[in-house]
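Notes for the one structure printed next.
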Amino acid sequence: MNRIISLGELLIDMSPLAFTEKPSFQANIGGAPLNMLSALAKWGKNTTFIGKVGDDVFGKQIKQELHTLNIDTHAIQVAEREKTTLTFVTLQADGERSFDFYRSPGADQLLQPSELNPDMFTQNTVFHHGSLSLSHEPSRGATFQALALAEKNEMLISYDPNIRLGLWESSDEARQIILEAMSYTDILKVSEEELLFLTEETTVSQAIQHLRAIHNIPLIFVTFGAKGCYYYGTHGNGYVSAFKVNAIDSTGAGDAFMAGILYGILENSKSIHYIQDEELQKIAAFANYVAGQTTTQSGGFNVVPSLEEIPAVYQTKSIESE
C-alpha cells in the first residue's frame, strides 16, 4: 500500500462568511501540506502528517479531525507555550484571496529536527512538503533533515512552494532557501508567478529550462489558476485546460491540484521517468477537475469530491486499463 508523509504548517484559516464591512469568520483547518494530505486520505491513501500545534482548542480540533479522516497523527508534536497559528483570509468577488498570518512565532514554526523519527522514512513511499516550514528555524532545519532522510531512503519527493513572502525576512532569503530545497525534488508544483519569482526569468519556458538545468527535476506542473496548467515530463510537455466552475473561495485549490497529481501518479504505478505524455494529460486533467471543485466551497481542508463524485472522464484509474 502506498504511504504518504506530509510535513509542514498546521493552522486555522479564519474564513469570512460574507462580503461585509464587518465580516464574520469561520474557523477552518488549514495549511497547504495538510490540505493536500486530507484529499489523499479521502481517496483512500495511507497518510501521515508531521508538524506541530499548540496545546489549545485549535490544536486539539486539528488532531481530532485528522484522526476522524484516518490521517496518522502520531508524528504531530504539541508546543508547550506557543499557540496554533491563525490565518485570516480576505476574499475577493472572484474567489481569489489574501492571507494575514498570526504567527510570531506559531507552534508550527517550532518543529525540531530531534522530533523526527528516522524510521518513518524507511516505511513510506512519498514525502511531500511546502515552503512555510522553511521560513524560520527550527522548522527549517527539521524540513531539511526530513528531505535528507527521504532522499537517503529513495522516497518520491514532491514540493509545492506555496510562497507567502510576508512570512520571510526578505524576498531574497525566500528565494535562496526555497531553491535550496529544489535539489531534492522529483515532482514540483508551482504557480506561474512563483516560477518567475524563483528563477528571475521573464517567460515560463525560460524558467523551466532554468530549473531543469540547475535542479534536474523530472516532473514539473505549472498552474495558471482558472486557465489550467502546463506539465513538463520526461516523455512530453503540454497544456491542460481548467474545468469551469462558479468559484467562491480559491483557498486550497492548489493543494487539491497537488493531491490530484500525486494520486494520479500513485495510481499509475510507473516510475515518474516512464509516465507517457497521454498519461500525464489525464493526471493533469484529474488534478484540474478536483482543484476547480474545491473553489465552490469555503476552506481548503477535506473539501475535494469523493472518487465516486468525480466523472469517469476525469478518473485516473482508467490510465492503465485503456
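The values are calculated or read from the model by the stated rules, or taken from the named source; none is laboratory data. Source: prediction; values computed, not measured. Positions of Cβ are generated from backbone atoms using ideal geometry, with glycine treated the same way; all protein chains shown enter the neighbour counts.
Okay, here's what the table says:
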read-out	value
Enumeration of residues in the stretch 271-304 that are modelled with pLDDT of 90 or more, part of a loop (DSSP other than H, G, I, E, B) and surrounded by fewer than 20 Cβ atoms within 10 Å (Cβ to Cβ)	Ser271, Ile272, His273, Tyr274
The stretch 91-105, residues that are of a type in the set (D, E, K, R) and either assigned to a loop (DSSP other than H, G, I, E, B) or at pLDDT 95 or above (or both)	Asp94, Glu96, Arg103
Residue in the stretch 36-45 that is farther than 20 Å from Met258 by Cβ and either hydrophobic (A, V, I, L, M, F, W, C) or under 20 Å from the mean Cα position of the chain (by Cα) (or both) present	no
Criterion violated by Arg103 - all others in (1) surrounded by 19 or more Cβ atoms within 10 Å (Cβ to Cβ); (2) within 18 Å of Lys45 (Cβ to Cβ) satisfied	(2)
Residue tally, condition of a type in the set (Gly, Ala, Ser) and more than 18 Å from the chain's Cα centre (by Cα), over the stretch 271-309	2
Condition met for Ser15 (crowded, with 21+ Cβ neighbours inside 10 Å and modelled with pLDDT under 95)	yes
Scan of the stretch 67-84 for residues that are outside any loop (DSSP other than H, G, I, E, B) and touching a residue at least 24 places away in the same chain (Cβ under 8 Å), ordered by number	Asp72, Ile76, Gln77, Val78, Ala79
Of all residues in the stretch 106-123 being among the polar types (S, T, N, Q), outside any loop (DSSP other than H, G, I, E, B) and more than 18 Å from the chain's Cα centre (by Cα), the one that is surrounded by the fewest Cβ atoms within 10 Å (Cβ to Cβ)	Ser114
Matching residues in the stretch 176-187 - criterion: being aliphatic (A, V, I, L, M) and surrounded by fewer than 22 Cβ atoms within 10 Å (Cβ to Cβ)	Ile177, Leu179, Ala181, Met182
Close pairs (9 angstrom Cβ cut-off, 6 or more residues apart or separate chains): closer than 12 Å to Phe301 by Cβ and hydroxyl-bearing (Ser, Thr, Tyr) in the stretch 13-41, at pLDDT below 80 and not in a loop (DSSP other than H, G, I, E, B) anywhere	Ser15/Val89; Ser15/Leu91; Ser15/Arg97
Scope the stretch 216-246; condition among the polar types (S, T, N, Q) and either under 25 Å from Tyr274 (Cα atoms) or part of a strand (DSSP E or B) (or both); matching residues	Asn216, Thr223, Thr234, Asn237, Ser241
Selection from the stretch 39-50 of residues that are in a helix (DSSP H, G or I) and in contact with a helix residue (DSSP H, G or I) (Cβ under 8 Å, 6 or more places away or on another chain)	Ala39, Leu40
Unique residue being over 20 Å from the mean Cα position of the chain (by Cα) and either under 29 Å from Phe88 (Cβ atoms) or among the acidic types (Asp, Glu) (or both) when the list is Asn246, Asn237	Asn246
Residues within the stretch 51-62 that are assigned to a helix (DSSP H, G or I) and buried (at least 16 other Cβ atoms within 10 Å of the Cβ), tallied	3
Selected residue (criterion: surrounded by the fewest Cβ atoms within 10 Å (Cβ to Cβ)) from residues of the stretch 126-168 that are more than 28 Å from Ala253 (Cβ to Cβ) and of a type in the set (Asp, Glu)	Glu154
Test result for Ile261, more than 25 Å from Glu194 (Cα to Cα), surrounded by 14 or more Cβ atoms within 10 Å (Cβ to Cβ) and at pLDDT 90 or above	no
